[in-house]
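Visitor: Below is the structure I would like to discuss, written out as structure tokens.
Here, each number is a calculation from the coordinates, and none is a lab measurement. If you're wondering where the values come from, they're calculated on a predicted model, not measured in any experiment. Ideal geometry is used to build each Cβ from the backbone, glycine not excepted, and the neighbour counts take in all protein chains shown.
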6 protein chains.
Amino acid sequence: MNPQTREKLTKVSTATLCTALFKRGLRNQFIQNVHPLNPALPNMVGEAFTLRYMPAREDLNPITVFNDRSHPQRQAVEQCPEGAVLLMDSRKDARAASAGGILVSRLMKRGVAGVVTDGGFRDSPDIAKYTMPAYHARPSAPTNLTLHQAIAINEPIGCGDAPVFPGDIVVGDAEGVIVIPAHLADEIAAEAVEMTVFEDFVQQQVMAGRSVLGLYPPTDPEVAGLFAAWRAAKGR
Amino acid sequence: MNPQTREKLTKVSTATLCTALFKRGLRNQFIQNVHPLNPALPNMVGEAFTLRYMPAREDLNPITVFNDRSHPQRQAVEQCPEGAVLLMDSRKDARAASAGGILVSRLMKRGVAGVVTDGGFRDSPDIAKYTMPAYHARPSAPTNLTLHQAIAINEPIGCGDAPVFPGDIVVGDAEGVIVIPAHLADEIAAEAVEMTVFEDFVQQQVMAGRSVLGLYPPTDPEVAGLFAAWRAAKGR
Amino acid sequence: MNPQTREKLTKVSTATLCTALFKRGLRNQFIQNVHPLNPALPNMVGEAFTLRYMPAREDLNPITVFNDRSHPQRQAVEQCPEGAVLLMDSRKDARAASAGGILVSRLMKRGVAGVVTDGGFRDSPDIAKYTMPAYHARPSAPTNLTLHQAIAINEPIGCGDAPVFPGDIVVGDAEGVIVIPAHLADEIAAEAVEMTVFEDFVQQQVMAGRSVLGLYPPTDPEVAGLFAAWRAAKGR
Amino acid sequence: MNPQTREKLTKVSTATLCTALFKRGLRNQFIQNVHPLNPALPNMVGEAFTLRYMPAREDLNPITVFNDRSHPQRQAVEQCPEGAVLLMDSRKDARAASAGGILVSRLMKRGVAGVVTDGGFRDSPDIAKYTMPAYHARPSAPTNLTLHQAIAINEPIGCGDAPVFPGDIVVGDAEGVIVIPAHLADEIAAEAVEMTVFEDFVQQQVMAGRSVLGLYPPTDPEVAGLFAAWRAAKGR
Amino acid sequence: MNPQTREKLTKVSTATLCTALFKRGLRNQFIQNVHPLNPALPNMVGEAFTLRYMPAREDLNPITVFNDRSHPQRQAVEQCPEGAVLLMDSRKDARAASAGGILVSRLMKRGVAGVVTDGGFRDSPDIAKYTMPAYHARPSAPTNLTLHQAIAINEPIGCGDAPVFPGDIVVGDAEGVIVIPAHLADEIAAEAVEMTVFEDFVQQQVMAGRSVLGLYPPTDPEVAGLFAAWRAAKGR
Amino acid sequence: MNPQTREKLTKVSTATLCTALFKRGLRNQFIQNVHPLNPALPNMVGEAFTLRYMPAREDLNPITVFNDRSHPQRQAVEQCPEGAVLLMDSRKDARAASAGGILVSRLMKRGVAGVVTDGGFRDSPDIAKYTMPAYHARPSAPTNLTLHQAIAINEPIGCGDAPVFPGDIVVGDAEGVIVIPAHLADEIAAEAVEMTVFEDFVQQQVMAGRSVLGLYPPTDPEVAGLFAAWRAAKGR
């Protein structure tokens, strides 16, 4: 991943990124119904690395399966690259956990950029204190074996109804998580930075009392000049 | 809106108001499944002003529609009266936003009393810091154009399964939002203030160790005297 | 309830308890979709005492029903034993409240260990400040009479899709609530304490940089020795 | 149950009965989301007899529990009175069956008037051929033990969000099932018969080309006379 | 509406129409989750005429409201033009009816082309026997007043998550209902007829044993000739 | 697949198979919420062959993708072995189709045993007339490209919350579809045949007036003899 792109994406919001993708006809890249366990952390940015769960069959999911070091859940935690984001397809089912505190702390320690499930995490009060961002639908204490069998690593998946391909660029903020197709990441990041500058200007104008009509979008011819002046003054 | 009524409604809870409406046969005035982005703000009180969304048809909702200053979403933000509450019928669909930080800050700057959607807001981390109350179902980064087309201003709508008529009196607290039919607002406000005095007394009695039996409701003849004495002592 | 068991259960997580129950073939003991109103409180531990709601029929649920001191909701609040947990079967319907601040404070004052509904509480901002744990699905201002009729005390019930028998041992933490069958409580508590010691060791190892492979579960022969040494050093 | 009332209720629709109950302030007596397995059967009419299910705990629900002849599911099937309707509270969960063909045929053989669950039946293709009406949400092959434990007989329950008290009068037609409070059954039945006569007249008028305005309801003064004449001609 | 277009639309399927709309970027025109009460009827084709429901407030919806001949539900039934389709926005809530047999028969008698609700009809067993197509989510006996207040006629609405503008062209078959934007109707109808001819050819080829690869779509150069010959032979 | 096993499975119900699996601790093998388009067909029996869908990304799913003969949806239809059942993981999302009439008829023509999706089929009125069984959640006219991208063939998947591994044995009847782990198929089939004989006997006894107590299960010592005699008489 382009380091400038990574840097840019740490400074823009998922809302702005959604709009940039919408302009290109991509309407379903926001992961539905997940939120950060700790909304105070900085943006999460990284390449997508995936884990797919299927429904658990009871005879294949006794507690002893983890004695097998090749178990996909454990392998995903050890293989997810530094700087990447681990996204889990838990079929939007938070009735059992997708992972718990120990695995999430291992990801954090390995330098992974963040972790997302469209199900739930267990040990969520602990995970909420970690410095690595984690996103889920809701806390869920039952072990994953109760309902979920980790079955495949780094396949294309769905996560919260969004399509995720390995290598896509994933960004999370306090609002949620968005998946940017890999080939668009550089241009989307650049555009989003520009949009953010303009939106900051608009916000300042609104707080100064200006109507949104003619300002957002800037159909009033005067606005272009005001923006240029503001931008120069701010050095952005 | 009667200023005394407004004042009274800043000091009572939506729970108390629900009970006052229940006594009059109104069971569905609480907006289901919305919560405040900032639960620490004081009560929101104002007349209902509405915006209705319908499902977005793609050809009618490119990003350029906002170049039209008469777009209903933008008009709603500029027309909603000072002191009113803007309620949005988003068909309980939070997969795309109903509005974002810039529009909400414009409402705030214009002196609007608050904003409610039965969908979601984008830029929700920003909105959570505003001094104007905002209520939604969950954060939602995608632009409204993704799924919602603003179609009509100040019509009767549904919001979170509650009926809302323009001019109804809307009250929000840290628990949620209730819609009081306009013609009942004065009497409901007065009754709710009285109920609150009694409930504060009951709460004090309970914390002093008294059983709820005979106290709440006060079927024990002794309670009337205790309450009168407490009320006199408190000057309420 | 065995006091040692109670003490042990204050120090373990619902996640650990879920795993201990999973090992015994019990997969559905976690109450789905409830959370604590105040996640900062210590663990809730107590025997289950239950209240069952059925759908309210309008003619049987005017506001005056509470004049009857034998109303099951009020009786449940007065009868729930000290140290027990009151669990309410609200049919997972949070559109009206299961109880409010006054009743919950009465439970607290009476020394009840906590209260759980698979619906919602009203006066939730107040309840969130109490020192007795309370768990629900979401805030709900409407009085219970709107949708719920309290019909039976201390029957076996469902709560958040979990089976609850009176006398079961209930534990809540910041993640949620689990129901331990009464006859298993002592052994589950003892096992969970042991599991917690090991998991604390694992967490420390992970934070020191060790892979989860071979460590969790400890299939690497070296781990047993490391754990014994750590345990001795920690005096656990 | 009054035999005339039973007779009347075989000839009116659940829609008409809903309206008669609505006029008395009862809005929630229609069992939501169930349908007849065989819509061609005549109306089901009988007193309510109930069975309550709670979530199944695995250790209490092996296949061997049915060796116990006092098991509540089997007892319900043997105890439900002739002419009554067995209603099952399955917590609206059709992922496992509430009962199957053998038990339903035993009910039929015993002269029971019908059976309703807000979950699902197994052996539904067989049950659809029986002469006793059965209503459910959808077919469900898994044995009830998978998710449901029969726990209590003839308690007040919820069924499809409707309140059901033992002895209430239950009526089912091709549209669904309604629960009439016992004390209202006679007057509701009489009123529904009258309403049906008028609606048949209205339908005939509509098919003859008359507008519904002034006819339904009959605010046009002419209609009373037309109806009287029609009624006389039809001998109803 | 162009009579040729109407004629063409009686002979194509909603599936084919969905694909023609998909090619133009319109993905949400199929009304979700409704089905015909009588799937044996011919296609329903007509211009959209709409009725919007909002949640019912109890004091505004006693049974006597229908004494007012200007009530929007009754007016909609009398005003809907001959040859049009009446679509009702019932907020996807089938817990109470959108209309019943008498009103639907009045629509039929007036020459309306069909009726659609994203809620439910009462008297559904009768409506299923009518010769005018009707579509809903499920049968629902309670009168509309229980939950729905008819509030506006011929506004743009949502119906089953599809956008509906008055004058759009609506087509229903045994599978469901699709809404074609008015300005596209002629070209979509023409294209759908052509697609249907080709799909009939493909189906015939498949039944004769040909692989879909190269045939559907016809990337195999041979197919064009086969199709031309088939078409000539069939005279289509 | 063992031909005797296949033969046996054509004669037993999914309900009986569910119970046989339940006895072995397998509770989630019934595919939830699907039904046959034509319930009059004989049992569907075959080895599982799978197709996995992920959410569609718009730029990857124009109508032209099918020009690529290696598209997984088309390949699945051509590769699924004769006598197998094609199961599609559509993430329980029936808002767009999983496949349509042409592909399903190609499967039929190729000798495939049946097709199942936990979403919906388009051209469902046609498919309902085919002689090959098809199961879905509900009809859905929009092309799969609208929401679903076929991404992988013959992986382990979830279908209607049931785990499916390629090669598992799939049985469908008028009630629904069950997935039997491959290694258990022979013994489950044999056991189900025996259970069916006994259940037929029980049904005959019940219809002759016998109580289910002591009969089902046969705890009454007399029943064994009756059954043996019945079995001998029937030659089963």
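Visitor: Given a Förster distance of 25 angstrom, what is the FRET efficiency for residue D:38 paired with residue D:78, based on the Cβ-Cβ distance and rounded to 0.05?
Guide: So, using R0 = 25 Å, E works out to roughly 0.60.
Visitor: Rank the residues C:191, F:82 as a footprinting-exposure proxy: fewest other Cβ atoms within 10 Å of their Cβ go first.
Guide: F:82, C:191
Visitor: Another question, then. What do the square roots of 5 times the Cα gyration tensor eigenvalues come to for the stretch B:185-225, in whole Å, largest first, as semi-axes of the equivalent ellipsoid?
Guide: Whole-Å semi-axes of the equivalent ellipsoid: 22, 11, 7.
Visitor: For every other residue with a beta carbon closer than 11 angstrom to the beta carbon of residue F:39, add +1 if it is Lys or Arg and -1 if Asp or Glu, then tell me the sum.
Guide: Every neighbour counted, the sum reads -2.
Visitor: While we're here: Taking each pair of distinct Cα atoms in the stretch A:109-236 once, what is the resulting Kirkwood hydrodynamic radius in Å?
Guide: One decimal place: 18.4 Å for the Kirkwood radius.
Visitor: Could you compute the FRET efficiency for residue B:234 and residue C:70, with r as their C-beta to C-beta distance and R0 at 56 Å, rounded to 0.05?
Guide: It comes out at approximately 0.95.
Visitor: Let me ask something else about it. Which value results when the Cα radius of gyration for the stretch C:1-69 is divided by 2.2 N^0.38 Å?
Guide: 1.63
Visitor: Sum up the charges of everything whose Cβ sits under 12 Å from the Cβ of residue E:143, counting Lys and Arg as +1 and Asp and Glu as -1, but leave residue E:143 out.
Guide: Combined, the nearby Lys, Arg, Asp and Glu give +3.
Visitor: Over the alpha carbons of the protein assembly as shown, what is the largest minus smallest coordinate on each principal axis, giving the biggest first in Å?
Guide: Largest to smallest, the principal-axis extents are 83, 82, 75 Å.
Visitor: Something else now. For the stretch B:1-160, give the share of DSSP beta bridges that are antiparallel, in percent and rounded to the nearest 5; count only bridges with both residues there.
Guide: Restricted to the stretch B:1-160, the bridges split so that about 35 percent are antiparallel.
Visitor: What is the mean projected area of the alpha carbon convex hull for the stretch A:1-41, to one decimal in square nanometres?
Guide: Average projection, Cα convex hull of the stretch A:1-41: 3.8 nm².
Visitor: Can you list the lysines whose alpha carbon is less than 25 Å from that of residue F:11, not counting same-chain residues fewer than 8 positions off?
Guide: D:129, F:23, F:109, F:129, F:234
Visitor: Grab the DSSP H runs of chain E that are 4 residues or longer, score each as -39,500 (n - 2.57), total them, divide by all residues and round the 222 nm result to the nearest 500 deg cm²/dmol.
Guide: Calculated mean residue ellipticity at 222 nm is -9500 deg cm²/dmol.
Visitor: Quote the convex hull volume per residue of the stretch B:76-122, based on C-alpha atoms, as a whole number of Å³.
Guide: So the per-residue Cα hull volume is 55 Å³.
Visitor: Using Cα springs under 10 Å in a Gaussian network model of chain B, which residue among B:176, B:225, B:100 shows the largest mean-square fluctuation?
Guide: Between B:176, B:225, B:100, it is B:225 that shows the largest mean-square fluctuation.
Visitor: Can you tell me which of F:41, F:226, F:17 moves the most in a GNM of chain F? Springs connect C-alpha atoms under 10 Å apart.
Guide: Highest fluctuation among the options: F:226.
Visitor: Which order do A:215, F:184 fall in if you start with the one that has the fewest other Cβ atoms within 10 Å?
Guide: F:184, A:215
Visitor: Let me ask something else. If we hang a label 7 Å off Cα along the beta carbon direction at residue A:222, how far is it from the matching labels on the other copies, in nm, shortest first?
Guide: Its label point is 6.5, 7.2, 7.2, 7.2, 10.0 nm from the equivalent points in the other copies.
Visitor: So, one more: Cα extents of the stretch C:42-87 along the three principal axes, largest first, in whole Å?
Guide: Principal-axis extents of the stretch C:42-87 (Cα, largest first): 40, 21, 15 Å.
Visitor: Using the membrane-span-like helix rule (whole DSSP H runs, Cα extent along the own axis of at least 24 Å, mean Kyte-Doolittle hydropathy at least 0.0), which helices of chain A qualify?
Guide: Once both thresholds are applied, what remains is A:185-207.
Visitor: Sort A:207, F:1 so the one with the fewest other Cβ atoms within 10 Å of its own Cβ comes first.
Guide: Exposure proxy ranking, most exposed first: A:207, F:1.
Visitor: Still on this structure, I have one more. Residues of F:194-207, mean number of Cβ from any other protein chain within 10 Å of their own Cβ, rounded to a whole number?
Guide: 2
Visitor: Nearest-to-axis residue of chain A, judged by Cβ, for the A-to-B rotation, with distance in whole Å?
Guide: A:138, 7
Visitor: What number in nm² do you get for chain D if you take the convex hull of its Cα atoms and divide its surface by four?
Guide: Across all orientations, chain D yields a mean hull projection of 13.8 nm².
Visitor: Assume the label is 7 Å from Cα along Cα to beta carbon: what separations in nm does residue D:24 have to the matching positions in the other copies?
Guide: Label-point distances to the other copies, shortest first: 2.7, 4.9, 5.4, 5.4, 6.4 nm.
Visitor: In angstroms, what radius of gyration and Dmax does the stretch F:43-138 have, counting Cα atoms only?
Guide: Just the Cα atoms of the stretch F:43-138 yield Rg and Dmax of 12.7, 40 Å.
Visitor: Run through the other copies and list how far each one's label point is from that of residue E:59, in nm with one decimal, shortest first; the point sits 7 Å from Cα along Cα-Cβ.
Guide: With the label placed 7 Å along Cα→Cβ, residue E:59 yields 2.5, 4.6, 5.6, 5.6, 6.5 nm.
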